[in-house]
1. Tabulate in residue order the Karplus-calculated ³J(HN,Hα) for the stretch 116-123, using 6.51 cos²θ - 1.76 cosθ + 1.60 with θ = phi - 60°, rounded to whole Hz; enter x for Gly and Pro.
2. How much net charge surrounds A130 when only the other residues with a Cβ under 10 Å from the Cβ of A130 are counted, with Lys and Arg +1 and Asp and Glu -1?
3. Calculate one ³J(HN,Hα) per residue across the stretch 54-60 by plugging θ = phi - 60° into the Karplus curve 6.51 cos²θ - 1.76 cosθ + 1.60, and present them in order as whole Hz with x for glycine and proline.
4. Taking the Cα centre of the stretch 184-279 as origin and charging only Cβ (+1 Lys, Arg; -1 Asp, Glu), how large is the dipole, in debye to the nearest 20?
5. Based solely on its DSSP helices, what 222 nm [θ] is calculated for the chain when runs of n ≥ 4 H residues each add -39,500 (n - 2.57) and the sum is averaged over all residues, nearest 500 deg cm²/dmol?
6. Put +1 on the Cβ of every Lys and Arg and -1 on every Asp and Glu Cβ in the stretch 138-279; which of V169, L246, Q257 then has its Cα farthest towards the positive end of the dipole?
7. Among all the aspartates and glutamates, which ones have a C-alpha under 19 Å from K134's C-alpha, if same-chain residues fewer than 8 places away are not counted?
8. Lys/Arg Cβ at +1, Asp/Glu Cβ at -1, dipole of the stretch 16-62 taken about the Cα centre: which of A18, N33, L48 is farthest positive-ward?
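What follows draws every value from the coordinates through simple rules; no lab data is involved. None of these values were measured; they are calculated from a predicted model. Heads up, the Cβs are rebuilt from the backbone with ideal geometry, glycines too, and the neighbour counts pull from every protein chain shown.
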Amino acid sequence: MENNLAGELRLGHLFQIAGLAENDVMVIRHTLNTGGLETRAHAMGPNLLPYTREQGHNNKVGRMPPPIWLNFLASSGRRARFITAFENHGEVPGEETENLRFFDLRPSSAFSAMADRLVIEWTADTVNWAKTGKTASLMPVVEIADPQTEPFPGFDSLLISYDELQAVVVDDRYRQWQTALRSVQGIYLISDTKTGKLYVGKADGAERVLGRWTEYARNGHGGNVALRELAGADASHARHFQFSILRVFAPSATSMQVDAAEAHFKRALLSRQTGHNRN
């Protein structure tokens, strides 16, 4: 590994710890898609091996892929979480078709301690979903997570930064949070810790709180006029945002009820006069 990477934890360091030679490893980034791995349960379960062993001719795994295949699942941005490893025992000639070839893949214990915990940052060319061990060795290790899930604190106690929001909406450690936020409509508050200004928003209809907050995690402004202007002036301004819940509603609540609550909190918190609300 290059000297200018000294001090930064890279995937190659974990190869060394696990006793894996770079030339013996291929790293694959799977994504969820219709007709393939459609859900995370498919990716984490028995569907992964038959899906992975089926490869096209002359695709990115190459003509003679190495013996160890490390499988990652794409999450937010270029991040990818380690799922499991397979041992490649070579192609199965009798199964080959005009368009496909099949490999004899078997479960491997390689990196087993890192399953569902290790998160790396893929290279900018995410379309290239298979990488040699040499190339992958330079990928930064973003996180080696505690395997325990994070308990949901309750709507009244929820208070998270924008960085934390990035994990809450996609990270499997926050499954309890995602279930809770997906189940309710609500009025939420975004506090701008740099300026002290407030923004009151609503998540109603089928979108629910999780859907609305996922949009903020994706672009930093959720399509709101004032927050979009902040992002235009400083693309990283959202890092100053803090998210909390003011009130929740059952899915059966009417839009009139949610709208009335939103208007009440805008008046109470003066978010039109002194904050980021424009209406």
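1. 6, 10, 7, 10, 10, 10, 5, 5
2. So the environment of A130 carries a net charge of +3.
3. Calculated HN-Hα couplings, in order: 8, 10, x, 5, 6, 8, 6 Hz.
4. 160
5. Details: 9 runs with 73 residues, N = 279.
Mean residue ellipticity at 222 nm (helix-derived): -7000 deg cm²/dmol.
6. Of the candidates, Q257 comes out farthest on the positive side.
7. E2, E8, E22, D24, E87, E121, D125
8. Towards the positive end, the residue furthest out is N33.
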